[in-house]
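The values are calculated or read from the model by the stated rules, or taken from the named source; none is laboratory data. Quick caveat, the model's predicted, so the values are computed rather than measured. Here the Cβ positions follow ideal geometry from the backbone for every residue, glycine too, while neighbour counts run over all protein chains shown. These area figures cover heavy atoms from the full protein model, side chains too; ligands, DNA and RNA do not enter into them. Shrake-Rupley method; radii C 1.70, N 1.55, O 1.52, S 1.80 Å.
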Amino acid sequence: NRYIVEHLDKDLSLAFLAEVVYLNPSYLSNLYKTYTGRNISDYITELRVERAKSLLAESQAKVQEVAVSVGFDTAGYFTRFFKKHVGVTPQEFRSRL
């Protein structure tokens with residue numbers, strides 16, 4: 001969990017995380033679920049959404065900058081991801097604050 005939090009802006013695919021901890025991806029996924037009761041991808045998604053919300057609320061960073069800081073290459077994909085999980089676009093979220 002600490003590695004994920006500290007590297008939220010990097011590749012956090014299951015395959016990459018498995019390499020980091022020297023485990024098979026399937027085994028890592030099962031082990032994580034057993035110990036935490038949740039999927040590793042759900043945890044990463046939750047952290048990315050919460051960090052994005054925080055950055056949008058507390059800074060004047062452009063959406064593209066926020067996207068990169070939470071691990072997305074393009075603002076378009078980040079906007080679709082954010083809207084799917086929050087219900088509004090990043091711009092709408094910021095304007096409602």
Q: For residues that are part of a helix (DSSP H, G or I) and open to solvent by 50 Å² or more (accessible area, probe 1.4 Å), tally how many sit in the range 56-77.
A: 6
Q | Failed item, numbered, when residue 37 is tested on (1) on the phi > 0 side of the Ramachandran plot; (2) surrounded by 12 or more Cβ atoms within 10 Å (Cβ to Cβ) | A | (2)
Q. In the range 41-52, is there at least one residue being in contact with a helix residue (DSSP H, G or I) (Cβ under 7 Å, 6 or more places away or on another chain), over 17 Å from residue 1 (Cβ atoms) and surrounded by 11 or more Cβ atoms within 10 Å (Cβ to Cβ)?
A. yes
Q: Take the range 78-97 and flag every residue that is hydroxyl-bearing (Ser, Thr, Tyr) and open to solvent by less than 80 Å² (accessible area, probe 1.4 Å).
A: 79, 89
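Quick check on this structure: which one of 8, 28 is open to solvent by less than 50 Å² (accessible area, probe 1.4 Å) and in contact with a Gly (Cβ under 7 Å, 6 or more places away or on another chain)? So that I can check it myself, show each step before the final result.
Working: 28 fails: in contact with a Gly (Cβ under 7 Å, 6 or more places away or on another chain).
Only one candidate passes the filter, namely 8.
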Q: Could you give me the residue pairs with C-beta distances under 6 Å whose first residue belongs to the range 70-97 and is within 13 Å of residue 52 (Cα to Cα), whose second residue is of a type outside the set (D, E, K, R) and not in a helix (DSSP H, G or I) wherever it lies, and which are 6+ apart or on separate chains?
A: 70/8; 71/8; 78/72; 79/89; 83/89
Q: Would you please name the residue that is farthest from residue 65 (Cα to Cα), looking only at residues in the range 1-37 that are outside any helix (DSSP H, G or I) and within 15 Å of the chain's Cα centre (by Cα)?
A: 1
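In the range 38-55, which residues are assigned to a loop (DSSP other than H, G, I, E, B) and of a type in the set (S, T, N, Q)? It would help to see each step written out before you state the result.
Restricting attention to the range 38-55, the residues satisfying the condition of being assigned to a loop (DSSP other than H, G, I, E, B) are 38-39.
Passing the criteria: only 39.
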